[in-house]
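Worksheet: one structure, shown below.
The values are calculated or read from the model by the stated rules, or taken from the named source; none is laboratory data. This is a predicted model, so every value here is computed, not measured. Cβ atoms come from the backbone with ideal geometry, glycine included; neighbour counts cover every protein chain shown. All accessible areas refer to the heavy atoms of the entire protein, side chains included, with ligands and DNA or RNA removed. Shrake-Rupley method; radii C 1.70, N 1.55, O 1.52, S 1.80 Å.
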Amino acid sequence: MGELTRKIQNLRKLPIDKALKKIVIKLYEILYYKIRKEIIKLKPIDIDDKYFINFKPNCNFFFSTTDKQLLIEKIKQLNIEMQIINDADKICSHIFNLLGSGDIYLGEQLPWNTDFKTNFVWENKFYKDIKIIDLSNNADVKVPWELSRFQHLFTLGKAYWLTNDEKYAIEFKEEIEDWIEKNPVEMSVNWTCTMDVAIRAVNWIAAYFFFKDSPSIDKNFWTQFHKSLYLHGRFIIKNLENKGPHTGNHYLSNIVGLVWLGLYFGSFIVNDRNKSNNPKKWLDYGLSELEKEMFVQNNPDGTNYEASTSYHRLVTELFLKTTVLCNKNNIRFSKDYMDRLEKMCEFIMNITKPNGLAPIIGDADDGRLLILSIYSAWVRNDFRHLLGIAGELFDRDDFRYYGKDYIEDALWIYQNYKSNVEKPKPLTSVSYTDGGYYILRNDRVYCCIRCGELSFRGDGVHSHNDQLSFDLNVDGEDFIVDPGSYVYTADYKMRNLFRSTEMHNTVQVEKLEQNDFEEYNLFYMKEQTHAKNHGFNMNFFEGTHIGFKEKCNVIHKRTVLLEESSVLIKDQLIGDTNKNAQLTLILSPDVVVKLEENENKIVLEKGSICIKFDYIRDLKIENCWVSNSYGYKQSSKKITIPFSKELSIKMTIETKDKLNWMES
């Protein structure tokens with residue numbers, strides 16, 4: 001089904017009056033933007049400089065210049081000064097690592113409108129006329145968007161404070177000037193996604209508080225800087241991403257941008273009769289929508305309804321850092337809002353594996369708001385950078401403890417961060433029934449099972465065919481993993497492979513998909529599985545899904561039993577038991593697979609740990625891909641086991657003799 005066909009079908013589901021209203025609005029928008037395009041051609045969008053010549057923000061930020069020396073001393077105590085400077089020097093040399101590119105030199109002038117991985121250039125024209133997705137080529141619009149988010153400016157600012165070297169301020173100034181020149185308002189690819197406009201505004205605001213006193217930056221620059229920031233706010237309020245049936249991280253980013261801009265500009269206003277030029281209205285609207293969206297987008301158990309652990313991380317960051325900024329400006333949210341936010345942070349803590357990483361369930365595009373630490377090498381599937389901040393906001397030592405490797409993040413927001421905390425009680429098994437995550441834990445084993453609703457209440461926008469799939473970590477080592485996402489529109493075939501049933505640690509029947517999806521409709525997967533949990537305790541899980549029922553009269557039932565040094569997985573096909581099925585196990589890239597013929601066992605080895613299970617006839621070991629960050633993939637192995645009716649695998653965990661292991 002094509003996108004147009006799907007839209008027509010959705011219209012048919014609506015009452016006639018609502019369908020007509022939707023059509024009228026769409027026709028109005030088409031006419032409006034045609035007229036607007038012609039107006040902008042004649043008169044590019046601008047505001048008189050006079051309004052911004054003497055503007056200075058009057059809001060509180062995470063830190064102030066009076067905190068500078070304290071922050072420098074604490075950064076030096078953490079022994080990360082050279083890491084920050086090296087990262088900043090790479091930025092000054094225009095060497096970036098974005099969306100799987102690896103370190104790459106981007107040239108003397110940064111390619112703001114180019115996918116530098118494919119050299120595809122989006123020419124400047126009216127933003128509504130720019131085709132951002134073309135599945136016939138491998139260009140990825142996320143690449144110019146990512147660079148134009150300016151998330152590297154915070155690192156430049158840190159290096160500037162640590163060294164007082166004006167080269168960092170000059171780099172900041174020249175980049176902003178170049179971007180403004182190359183990206184006229186509403187006339188480049190970097191105005192086609194409001195989310196990215198908002199994130200860019202947030203990062204420009206953060207950079208201001210580092211560079212505002214630089215002698216290398218003149219008054220004229222700040223006039224142009226603030227004028228552009230103001231136009232960002234006006235663009236966001238007129239281009240909110242809330243027109244579809246569901247709001248998500250895009251719309252949340254929009255309103256977060258409005259809150260930051262509203263706080264930054266305060267009561268300042270341009271008196272040009274344009275009602276959208278009103279920062280107080282931006283702030284009021286953003287605050288009201290933040291309070292509402294907290295409960296629209298996040299379930300009562302604290303999970304996010306986009307059914308993706310990575311998007312949960314992004315949404316939590318958007319709420320968390322904005323909430324702290326509001327608190328620093330004497331703005332408070334309701335108790336229910338704060339309770340829900342605390343649960344979101346608890347989910348991050350509980351889903352984190354013993355190695356500090358999170359399972360990459362559902363889509364992942366490495367989205368961030370404000371990167372406070374390790375800019376060039378932050379680990380995309382490590383979410384703990386939020387826990388230290390949450391520890392201070394909610395005064396919770398368990399959050400502080402599990403976020404202890406990211407003290408720098410907390411320091412930039414809370415200069416008197418509490419670092420000496422006792423180790424809390426070990427994390428235990430926990431279920432998130434609203435979000436569909438079931439985590440079994442003991443002293444050695446972590447097993448996270450996916451069993452729940454698809455994203456956006458069943459529309460599957462960011463969902464994969466991963467029902468009853470699981471991640472397995474033993475003694476802090478990953479053995480069986482979710483393969484991740486790799487890319488979105490840059491390679492639709494790989495996009496579909498990574499979200500398919502055969503690429504998850506679950507059962508596939510007759511080569512069918514759990515939830516059907518269309519080859520070219522990359523962000524839609526209508527719910528067919530309707531997965532249900534039927535039992536959960538500290539060492540037991542049982543669940544089913546009906547994704548194959550209408551297709552071949554089969555219901556998949558999975559039972560997981562966690563014992564001290566073993567995991568028992570039992571799969572049953574209920575209904576037509578003559579169907580051919582296969583179990584897939586995707587292995588972490590550094591796991592070695594061996595066949596012990598004398599014992600007739602399959603062995604998974606990693607470090608000093610081995611997992612053994614009985615060899616099964618026709619078992620195959622095949623090559624596959626896994627991806628722990630957007631745009632990057634690495635080779636691994638997968639095990640496929642054919643069966644019909646029922647299959648049980650007991651994975652027994654052993655610790656190899658250290659001497660024998662070293663000799664081997």
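Out of region 75-160, which GluC sites (Glu not before Pro) are coil in DSSP terms and have no more than 10 other C-beta atoms within 10 Å? Kindly include the intermediate steps, with their values, before the conclusion.
Details: sites: E81, E108, E123, E146; in loops: E108, E123.
For GluC sites (Glu not before Pro) across region 75-160 that sit outside H, G, I, E and B with at most 10 neighbouring Cβ atoms in 10 Å, the list reads E108, E123.
Rounded to the nearest 10 degrees, the inclination of helix 153-163 to the longest alpha-carbon principal axis of the chain is 70 degrees.
When 1/r is averaged over all different Cα pairs and the result inverted, which Kirkwood radius in Å belongs to region 515-664? Provide the component values of the computation, followed by the final result.
Details: mean 1/r = 0.0560 Å⁻¹.
Here the Kirkwood hydrodynamic radius works out to 17.8 Å.
The mean sequence separation of alpha-carbon pairs under 8 Å and at least six residues apart, normalised by the residue count of region 558-664, gives a relative contact order of 35 percent.
Note the angle between two axes, namely the Cα long axis of helix 166-182 and the longest principal axis of the Cα atoms of the chain, as a number of degrees from 0 to 90, rounded to the nearest 10. So the inclination is approximately 90 degrees. For region 582-656 versus region 339-392, the spacing of their alpha-carbon centroids is 28 Å.
Could you give the accessible area per residue of the chain, probe 1.4 Å, as a whole number in Å²?
On the way: 27640 Å² over 664 residues.
Each residue of the chain exposes 42 Å² on average to a 1.4 Å probe.
Using the Cα atoms as the points, what is the convex hull volume per residue of region 192-287 in Å³? Before the final figure, lay out the partial values.
Numbers: hull volume 10.0 nm³, N = 96.
It comes to 104 Å³ per residue, whole-number rounded.
Each residue of region 54-65 was assigned a 3J(HN,Hα) from its phi angle through the Karplus curve 6.51 cos²θ - 1.76 cosθ + 1.60 (θ = phi - 60°); the sequence is 10, 6, 9, x, 10, 9, 7, 10, 5, 8, 10, 4 Hz, with glycine and proline shown as x. Averaging the Cα positions of each part gives two centres, and for region 550-566 and region 253-307 these lie 44 Å apart. Along the axis of the charge dipole computed for region 324-461 (Cβ charges of +1 for Lys and Arg, -1 for Asp and Glu, origin at the Cα centre), the listed residues L387, I371, G435 are led at the positive end by L387.
My understanding is that a pair violates if its Cα-Cα distance is over 24 Å; which of K292/K526; K131/K321; K343/K606; K90/K131; K74/K328 do that in this structure?
Beyond 24 Å: K292/K526; K131/K321; K343/K606; K90/K131.
Determine the calculated [θ] at 222 nm for the chain from helices alone, applying -39500 (n - 2.57) to every DSSP H run no shorter than 4 residues and normalising by the residue count; nearest 500 deg cm²/dmol.
Values: 20 runs with 247 residues, N = 664.
Taking each H run of at least 4 residues, the total per residue is -11500 deg cm²/dmol.
Of the peptides 379-392, 529-542, 220-233, how do they stack up when ordered by the mean number of other Cβ atoms within 10 Å, highest first? Working shown, then result.
Details: 379-392: 23.3, 529-542: 16.7, 220-233: 19.9.
For the peptides 379-392, 529-542, 220-233, the packing ranking is 379-392, 220-233, 529-542.
How far is helix 3-13 tilted, in degrees, relative to the longest principal axis of the Cα atoms in the chain, given as a value from 0 to 90 rounded to the nearest 10? Value to nearest ten degrees: 90.
Sequence-distant contacts, meaning Cα pairs under 8 Å at least 6 residues apart, place the relative contact order of region 95-223 at 29 percent.
Rounded to the nearest 20 debye, what is the charge dipole size of region 373-437 about its Cα centre when +1 sits on each Lys and Arg Cβ and -1 on each Asp and Glu Cβ?
Numbers: 8 positive and 10 negative charges, 27 e Å.
Using Cβ point charges on Lys, Arg, Asp and Glu, region 373-437 gives about 140 debye.
Among 324-334, 421-431, sorting by the average number of other beta carbon atoms lying within 10 angstrom of each residue, highest first, gives 324-334, 421-431.
Relative contact order, percent, of the chain when contacts are C-alpha pairs under 8 Å separated by at least 6 residues?
Numbers: 1255 pairs, mean separation 68.1, N = 664.
Computed value for the chain: 10 percent relative contact order.
Would you mind telling me the share, in percent, of accessible area of the chain contributed by carbon and sulfur at probe 1.4 angstrom?
On the way: 13690 of 27640 Å².
C and S fraction of accessible area: 50 percent.
Taking a sphere under 13 Å around the Cβ of G452 and counting the other residues whose Cβ falls inside, with K and R at +1 and D and E at -1, yields a net charge of -3. Across the options W260, P279, A307, the greatest Cα extent toward the positive end of the charge dipole of region 219-311 (unit charges at beta carbon of Lys, Arg, Asp, Glu) belongs to P279. Summarising the amide proton neighbourhood of C624: residues at separation of 5 or more, or on other chains, whose placed amide H is nearer than 5 Å comprise S636, K637, K638.
For region 488-501, in order, what is each residue's ³J(HN,Hα) by Karplus, 6.51 cos²θ - 1.76 cosθ + 1.60 with θ = phi - 60°, in whole Hz (x at glycine and Pro)? Couplings: 9, 7, 5, 8, 5, 5, 5, 4, 5, 4, 5, 9, 7, 4 Hz.
Across q = 0.14, 0.15, 0.18 Å⁻¹, region 279-410 modelled as identical point scatterers on its alpha-carbon atoms has Debye log10 I(q)/I(0) values of -0.60, -0.69, -1.00, in the order of the q list.
Taking all protein chains together, K579, K22, K158, K167 sort by accessible area into K22, K167, K579, K158, largest first [probe 1.4 Å].
Suppose every K and R has +1 on its Cβ and every D and E has -1 on its Cβ; what is the size of the dipole of the chain about the Cα centre, in Debye to the nearest 20? Please report the intermediate quantities before stating the final value.
Numbers: 87 positive and 93 negative charges, 431 e Å.
The calculated dipole for the chain is roughly 2080 debye.
Qualifying trypsin sites (Lys or Arg not before Pro) in region 30-135, where qualification requires a DSSP coil assignment and no more than 12 other C-beta atoms within 10 Å, comprise K131.
Averaged over residues, the count of other Cβ atoms within 10 Å places the peptides 619-629, 546-556 in the sequence 546-556, 619-629, highest first.
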